[in-house]
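Chemist: The structure follows.
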Amino acid sequence: MFPKDMKFTKDHEWVREEDGVYTVGITAFAAEQLGDITYVELPEVGAEMEQGDSAASVESVKAASDVYAPVGGRVCDINHDLESAPELVNQDPYEQGWFFRLEGVRPAQLKTLLDADAYEKYVGEQEH
Amino acid sequence: MTWVPSTAAERDAMLSVIGVQTIDDLFASVPAELRAKSWALPAGISEMAVRARLEKWAARNAGGVTSFLGGGAYDHFIPAAVDALTSRSEFYTAYTPYQPECSQGTLQSIYEYQSAICRLTGLDYANASLYDGGTAVFEATTMAVRLTRRTRIVCHASLNPIYRSMLETHVANLDLELVDGESPEGAACVIVQNPGFLGDIEDFTALAERCHEEGALLVMSFYPISLGLLKTPGEIGVDIAIAEGQCLGVPLNFGGPWLGIMATRKEHVRKMPGRIAAATEDAQGRRGFVLTLQAREQHIRREKAMSNICSNEALCALRALVYLTLLGKEGLRDVARHCHSKAEYLKKRLSFAQILNHGPTFNEFAVRLPRNAEEAADALVSRGFLAGLPLASLGAGEPNDLLIAVTERRTREELDAFAHALEEVCN
Amino acid sequence: MQLSYEKSVPGRRAIALDPLDVPEAVLPAALCRKEPAALPELGELDVVRHFTRLSKLNFGIDSHFYPLGSCTMKYNPKLAEAVAALSGFAHLHPHLSTSPAFWKHCQGAFELIHETEQWLAEIAGMKDVTLQPIAGAHGELTGTLLMAAYHRDRGSKKDTILIPDSAHGTNPASAAIAGFKVLEIPSHEDGTLRLDSVKAAMNDSVAGIMMTCPNTHGLFEPAVAEIADLMHANDALVYYDGANLNAIMGIARPGDLGFDVMHYNLHKTFATPHGMGGPGSGPVGVGERLAPYLPGPRVVKGEDGFELRNLEKSIGRVAAFFGNFMMAVRAYAYMSHLGKDGLRQASENAVLNANYIFAQLKHVYEPAFDLPFMHECVFTAVPQAKKGVRALDIAKALLDRGFHAPTVYFPLTVKESLMIEPTETESRETMDEFCDAMLEIAEAVDSDPESLREAPKTMPVGRLDEVRAARQLNCAC
């Protein structure tokens, strides 16, 4: 159900590593819970994040939620497409709907996160 | 004395539907030891008696005097249609428009009000209202802190001293640094007022540029009527424009309810507090209006909300909208032109006093009288004039300093008579 | 309906001033706006028709039953509007209070302020009251600032406020904006706040707790006095959110229950009109502990009449003058007409009416709690939602039947909540008609759910696209 090539947090962020760059977004489960997303506020490129820092926020008509950095690092890119098309988060949360990218991440921090199976189990518990 | 319609028989019938004997049975969850220990209130009096008492109290307040009192609240003329329309109970007895389908009158009026404020200020977005001009300074401050993530707040000398002291009260328990001056260095915002509290018109365009170079915001408290003539906050480069909107068709009301106005640039709108209405469509493609960006507000975001504001001053915003709609494009300019011209005329008639403003003023100016201003003002009430605000009473001037405001309501005869009377009591 | 701006005709005027009777003064062009503000250009009748038609698109209390839970939409007496229009109040300049030279010219207003504060203090068992806070949430902010001043004065670093999960959103927002950390306390499944849950959160950093009583589930809090004692034993304070004061006037008083500070909602309990969302008024009452910190200036009785004084330890001004004075004028008219018996009857009948509605609906809609409701009753539409009709659909279906909807989706602790508060001013027939509509809707959940999901059909617009509104953000023209 959830992609195997990424790690997850209990706050419903995902993070995927490619060539030392870590891309972050929110999961399909989170996007569905929020409903139609109307706005995404992204961090500034160059911002330094500690693991767990509030890095972005996401709004729908009925809810607003903070997005936390799943791992620490420096923001090296943000998804400008979300400024005009926040619906990408609902439509394609793991590809076009990514939020920001981090570099300078300590890979050890990834070990604290959930893999797809553990996250799926966690989400299952949330739904009951 | 009651507004409860039920008769004793109806109450008994309702109690039997509920399945209890007495009304007190419905309060069984309130333990005896927690019942009211005192209820020492007077007995009710008839509608007639209430009116008589309040008419008596109202009559003990200054009435029928010609006013030159301003200092943030002004005696402007209110066209009869403002009262007639805003006293329609479909407006004043309605609740916040959380059910948009039965609140389109409210929501469209908010949209039109927001449009009027944007057109007045030259800014992109306005909210549906805040409490008043003083609390708007606090709301603008916390908004600037959210936008810049800085904690230094710079208050310019032009700011109403009452607003300054309200800001101090509201931020007392926050980690903010309140300083006086105009240096934007390291600041979240510089807060200015135009025209200033003593009436001076300043061009803050250069300050806006300096603020932006330093990464600070320029917050400006403006006087809505003055924008019939003056350069707009948008033209100046203001980031957050706030105002006391009382002058737009809201009575003086001994201080409230009034109207807090707030407008801002597009890039800041998501951090603006308060309700906002937006246009949209229903499934059949009909235009309608809803409250939007509610996820920023307290009922959804709770402790992370942009503000705690819930009730605002919607009915006063409607008054302002009806007022501006009646005046129209030319009417507002006329009111501003009259205010300014009459104030300039009066200034010239006060040669016995020293005008304290060195540059241009709009409709308010400060003078140093040859006599204590409180005494002079006191003496003038019996002659039918509220002479102005003795500035020492707010710590905003010397004992002889008086702040005088002139609106379009003052006639040349009144101005002449006032100048004469003021000169007499000063001699 | 067209916007006023769309009806504008260049050159048309509604209001004309007399010709300028002094020489025209001209400001330097550099200080002036380039173009006049593009306000509508309309005749007076155009404006009158426009706003009259807009008004007809609204539900108000004068035209419709408005059973909004937590909002206390009672009748707004015309008497109050009449006295608020008195020129001696409406056109009184507040700077008359600024200089002692003018005080003798606003004695009537000072007396009204003083008397209103006294009435409110006795009604809630408080030592003193300030009318300065402009709205309920502003009262909460003032109250939490008073709590902060108290702890600061004692050199204490307490920085956390406890707030039950059933509280209005303004409670955590106000506490946070006053500079406190907020810790949410879960309600027990029976809908009340248990002493144990508060104890579990209690530590030296707790500055106080904010409670609503009856709470937003419509239930009297059985542990309220014990919770107050627990707070006081730890030098913490107890705040009363007066949103539901309409349930207990003359029955119980927050001061007697142990509360140190509270706000009143004049626009709920004391019948001042809601005005489409405001102006309200949120006076704050305090007990002994917080009385020294009240905002100023305060109206006090002096030897030569009323005068203003500032308390030595005052937190300062929260409003420029006396808050929404005109709402105090209305509330005073309301209170003095009802008097001691009428105020208690208001609460008794508010509770009677809520229970009358509850008795008629409880077999068809699922009560959210088993304990006795006071001035409002809360149902959960989860059983209906399982059949595809949500609380929102029921709300919209009521609009088609001529009733304003109850409060839905609040409190957040109840799924698919329907919160009904009729108030004391509604007649039995009106409530019967409302209950009939609710029962008919409940039948339609089984027989014709589609019609409910499509509601409303009789309003000027159908359900509006809120997602589009938030994405396009067309908020001005």
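Chemist: Could you order the peptides C:121-129, C:456-464 from most to least packed, using the average number of other C-beta atoms within 10 Å per residue?
Modeler: C:121-129, C:456-464
Chemist: Mind giving me the FRET efficiency for C:T52 and C:R309? R0 is 51 Å, r the Cβ-Cβ distance, nearest 0.05 is fine. Each step should come with its number before you reach the end.
Modeler: Working: r = 47 Å, r/R0 = 0.92.
The pair C:T52/C:R309 has a calculated efficiency of 0.60.
Chemist: Pick from A:D11, A:D117, A:D19 the residue whose mean-square fluctuation is largest in a GNM of chain A, springs joining Cα atoms under 10 Å.
Modeler: Ranking A:D11, A:D117, A:D19 by mean-square fluctuation puts A:D19 first.
Chemist: Here's a follow-up. Which of B:L415, B:L217, B:L41 ends up with the largest GNM mean-square fluctuation for chain B, with Cα atoms connected below 10 Å?
Modeler: With Cα springs under 10 Å in chain B, the top fluctuation among B:L415, B:L217, B:L41 is at B:L41.
Chemist: Carbon-plus-sulfur fraction of the accessible area of the range C:323-477, 1.4 Å probe, in percent?
Modeler: The computed percentage sits at 46.
Chemist: So how many Å³ per residue does the convex hull of the Cα atoms of the range C:140-189 work out to?
Modeler: It is 66 Å³ per residue.
Chemist: For B:R152, what residues show an amide H to amide H distance below 5 Å, using hydrogens built from the backbone and excluding near sequence neighbours?
Modeler: The list, which skips near neighbours in sequence, is B:E177, B:A188.
Chemist: Working out 0.36 nm times the residue gap between B:S29 and B:R383, then minus their Cα-Cα distance, what length gain in nm do you get to one decimal?
Modeler: Using 0.36 nm per residue and subtracting the Cα-Cα distance, I get 121.2 nm.
Chemist: Tally Lys and Arg at +1 and Asp and Glu at -1 over the other residues with C-beta under 15 Å from the C-beta of B:N400: what net charge comes out?
Modeler: Net of charged neighbours comes to -4.
Chemist: Using the Cα centre of the protein assembly as shown as origin and beta-carbon charges of +1 (Lys, Arg) and -1 (Asp, Glu), tell me which of C:L219, B:N194, B:L402 is placed farthest towards the positive end of the dipole.
Modeler: Going by the Cα projections, it comes out as B:L402.
Chemist: Counting Lys +1, Arg +1, Asp -1, Glu -1, what net charge surrounds A:I78 among other residues with beta carbon under 11 Å of its beta carbon?
Modeler: Summing Lys/Arg as +1 and Asp/Glu as -1 gives -4.
Chemist: If one computes P(r) from the Cα atoms of the range C:345-453, what percent of pairs lie at distances over 22 Å?
Modeler: When every Cα pair of the range C:345-453 is considered, 25 percent fall beyond 22 Å.
Chemist: When only alpha-carbon atoms count, how far does the range C:311-373 stretch along each of its three principal axes, as whole angstroms with the largest first?
Modeler: 56, 29, 19
Chemist: A further question follows. Which whole number in µm²/s is D for chain A by Stokes-Einstein, with the Kirkwood Rh taken over Cα pairs at 10 °C and 1.306 mPa s?
Modeler: 110 µm²/s
Chemist: Next question, about the same structure. On a C-alpha basis, how far is the centre of the range A:1-61 from the centre of the range B:170-189 in Å? Whole number, if you could?
Modeler: 34 Å
Chemist: Oh, and also: Summarise the accessible area of the range B:81-321 (1.4 Å probe, protein heavy atoms) by the percent that is carbon and sulfur.
Modeler: 45 percent
Chemist: With r defined as the distance between the Cβ atoms of B:K348 and C:E35 and R0 fixed at 22 Å, what FRET efficiency is calculated, to the nearest 0.05? Display every interim value, and only then the final one.
Modeler: Details: r = 30 Å, r/R0 = 1.37.
My answer for the efficiency is 0.15.
Chemist: Place a +1 charge on the Cβ of each Lys and Arg in the range B:81-321 and a -1 charge on the Cβ of each Asp and Glu, then give the dipole magnitude about the Cα centre in debye, rounded to the nearest 20.
Modeler: Working: 21 positive and 28 negative charges, 148 e Å.
I would put it at about 720 debye.
Chemist: Pick out, from C:H114, C:V389, C:G88, the residue whose Cα sits farthest towards the positive end of the charge dipole of chain C, with +1 on the Cβ of Lys and Arg and -1 on the Cβ of Asp and Glu.
Modeler: C:G88
Chemist: Related question: Looking only at B:G19, B:G63, B:G397, which one moves most when chain B is put into a Gaussian network model with springs between Cα atoms under 10 Å?
Modeler: For chain B, modelled as a Gaussian network with Cα springs under 10 Å, the answer is B:G19.
Chemist: Provide the per-residue ³J(HN,Hα) series for the range C:435-442, in order, calculated from phi with Karplus coefficients 6.51, -1.76, 1.60 and θ = phi - 60°, each as a whole number of Hz, with x at glycine and proline positions.
Modeler: Per-residue couplings from phi come out as 5, 4, 5, 5, 5, 5, 5, 4 Hz.
Chemist: I need the calculated FRET efficiency for the pair A:D81 and C:A201, taking r as the beta carbon distance and R₀ as 41 Å, to the nearest 0.05.
Modeler: 0.40
Chemist: Right, next: How many percent of all Cα-Cα pairs in the range B:260-315 sit more than 18 Å apart?
Modeler: 42 percent
Chemist: Using only the alpha carbons, work out the radius of gyration and Dmax of the range B:305-346 in angstrom.
Modeler: Both quantities, over Cα of the range B:305-346: 15.9, 49 Å.
Chemist: In debye, nearest 20, what is the charge dipole magnitude of the range C:345-453 about its Cα centre with +1 on Lys and Arg Cβ and -1 on Asp and Glu Cβ, if you could check? Kindly include the intermediate steps, with their values, before the conclusion.
Modeler: Values: 9 positive and 19 negative charges, 94 e Å.
My answer is approximately 460 debye.
Chemist: Now for a different question. Mind checking B:77-85 for the average number of partner chain beta-carbons within 10 Å of each residue's beta-carbon?
Modeler: Across B:77-85, the average partner-chain Cβ count within 10 Å equals 3.
Chemist: Okay, moving on. Provide a whole-number value for the mean count of partner chain Cβ atoms within 10 Å of the Cβ atoms in peptide B:114-123. Don't skip to the end; give the middle numbers.
Modeler: Working: counts 3, 9, 7, 2, 5, 9, 5, 2, 4, 1.
Partner Cβ neighbours, averaged per residue: 5.
Chemist: Also, I was wondering about something else. Could you work out how far apart the two model spin labels at B:E209 and C:H232 are, taking each label as a point 7 Å from the Cα in the direction of the beta carbon, and quote it in nm?
Modeler: Result for the modelled spin labels: 6.3 nm.
Chemist: Which net charge results for the neighbourhood of B:A373, defined as the other residues with beta-carbon distances under 11 angstrom from its beta-carbon, given Lys and Arg at +1 and Asp and Glu at -1? Present the calculation step by step, with values, prior to reporting the outcome.
Modeler: Working: positive: B:R368, B:R371; negative: B:E374, B:E375, B:D378, B:E398, B:D401.
So the environment of B:A373 carries a net charge of -3.
Chemist: On average over all directions, what projected area in square nanometres does the range C:4-55 have, based on the convex hull of its Cα atoms? Intermediate results must be reported in sequence, preceding the final value.
Modeler: Working: hull surface 21.5 nm².
Spelled out: convex hull of the Cα atoms, projected over all directions, averaged, 5.4 nm².
Chemist: Can you list the HN-Hα couplings for the range C:265-279, worked out from phi with the Karplus curve (6.51, -1.76, 1.60; θ = phi - 60°), rounded to whole Hz and with x for Gly and Pro?
Modeler: For the range C:265-279, the Karplus-derived couplings read 10, 4, 7, 10, 5, 10, 6, 6, x, 7, x, 6, x, x, x Hz, x marking Gly and Pro.
Chemist: For B:T361, which sequence-distant residues (separation of 5 or more, or a different chain) have an amide H within less than 5 Å of its own amide H, given hydrogens modelled in the peptide plane?
Modeler: It is B:I201, by chain and number.
Chemist: Another one. Put +1 on the Cβ of each Lys and Arg and -1 on the Cβ of each Asp and Glu in the range C:158-316; which of C:G302, C:H232, C:G242 then has its Cα farthest toward the positive end of the dipole?
Modeler: The listed residue farthest towards the positive side: C:G302.
Chemist: Roughly how many Å² of C:E450 are accessible to a 1.4 Å probe, to the nearest 10?
Modeler: 90 Å²
Chemist: Around B:N61, which amide H atoms from residues at least 5 apart in sequence, or from another chain, sit under 5 Å from its own amide H, with H modelled in the peptide plane?
Modeler: Amide H to amide H, under 5 Å and 5 or more residues apart or across chains, B:N61 pairs with C:G108.
Chemist: What does the helix-only formula give at 222 nm for the protein assembly as shown: each DSSP H stretch with n ≥ 4 adding -39500 (n - 2.57), the total divided by the residues, and the result rounded to the nearest 500 deg cm²/dmol?
Modeler: Numbers: 33 runs with 358 residues, N = 1032.
After summing the helix terms and dividing by residue count, I get -10500 deg cm²/dmol.
Chemist: Please list, short to long, the whole-number percent of alpha-carbon pairs of chain C in consecutive 20 angstrom bins beginning at zero.
Modeler: Spelled out per bin, shortest first, that is 21, 49, 27, 3.
Chemist: What ³J(HN,Hα) values, in whole Hz, does the Karplus curve 6.51 cos²θ - 1.76 cosθ + 1.60 give for the range C:204-213 when θ = phi - 60°, with x put for Gly and Pro?
Modeler: Along the range C:204-213, the couplings run 5, 8, 7, 8, x, 10, 10, 10, 10, 8 Hz.
Chemist: How big is the B/C interface in buried accessible area, both sides summed, 1.4 Å probe, to the nearest 100 Å²?
Modeler: In total, this chain pair buries about 17000 Å².
Chemist: Something else: Would you mind working out the accessible area per residue for the protein assembly as shown, using a 1.4 Å probe, and quoting it in Å²?
Modeler: Numbers: 34990 Å² over 1032 residues.
I get 34 Å² per residue for this part.
Chemist: Can you pull the Rg over Rh of the range B:81-321, Cα-only, Kirkwood? All intermediate terms of the calculation are to be shown ahead of the outcome.
Modeler: Values: Rg = 17.5 Å, Rh = 18.2 Å.
For the range B:81-321, the value is 0.96.
Chemist: Just for the Cα atoms in chain B, what are the lengths along the principal axes, largest first, rounded to whole Å?
Modeler: For chain B, the Cα spread along each principal axis is 81, 54, 48 Å.
Chemist: What does the charge dipole of chain C about its Cα centre add up to, to the nearest 20 debye, if the Cβ of each Lys and Arg holds +1 and the Cβ of each Asp and Glu holds -1? Don't jump to the answer; show the numbers that get you there.
Modeler: On the way: 43 positive and 59 negative charges, 245 e Å.
Result for chain C is approximately 1180 debye, rounded to the nearest 20.
Chemist: Further, regarding this structure: What is the distance in Å between the Cα centres of the range B:298-370 and the range C:228-254?
Modeler: 41 Å
Chemist: Rg and Dmax of the protein assembly as shown, using alpha carbons, in Å: what are they?
Modeler: Computed over the Cα atoms of the protein assembly as shown, radius of gyration and Dmax are 28.6, 92 Å.
Chemist: Modelling each spin label as a point 7 Å along the Cα-to-Cβ direction, I'd like the B:T22/A:E120 distance in nm, to one decimal.
Modeler: Placing both labels 7 Å beyond Cα along the Cβ direction yields 6.5 nm.
Chemist: Ignore the peptide's own chain and count Cβ atoms of other chains within 10 Å of each Cβ in C:225-238; give me the average, rounded. Mind dumping the intermediate values first?
Modeler: Numbers: counts 3, 0, 0, 0, 0, 0, 0, 0, 0, 0, 0, 0, 0, 0.
Across the residues of C:225-238, the mean count of other-chain Cβ atoms within 10 Å is 0.
The values are calculated or read from the model by the stated rules, or taken from the named source; none is laboratory data. Since the model is a prediction, treat every value here as computed from it, not as a measurement. Here the Cβ is made from the backbone with ideal geometry for all residues, glycine too, and neighbour counts use every protein chain on show. Just the protein is used for accessible areas: all its heavy atoms, side chains included, with ligands, DNA and RNA removed. Shrake-Rupley method; radii C 1.70, N 1.55, O 1.52, S 1.80 Å.
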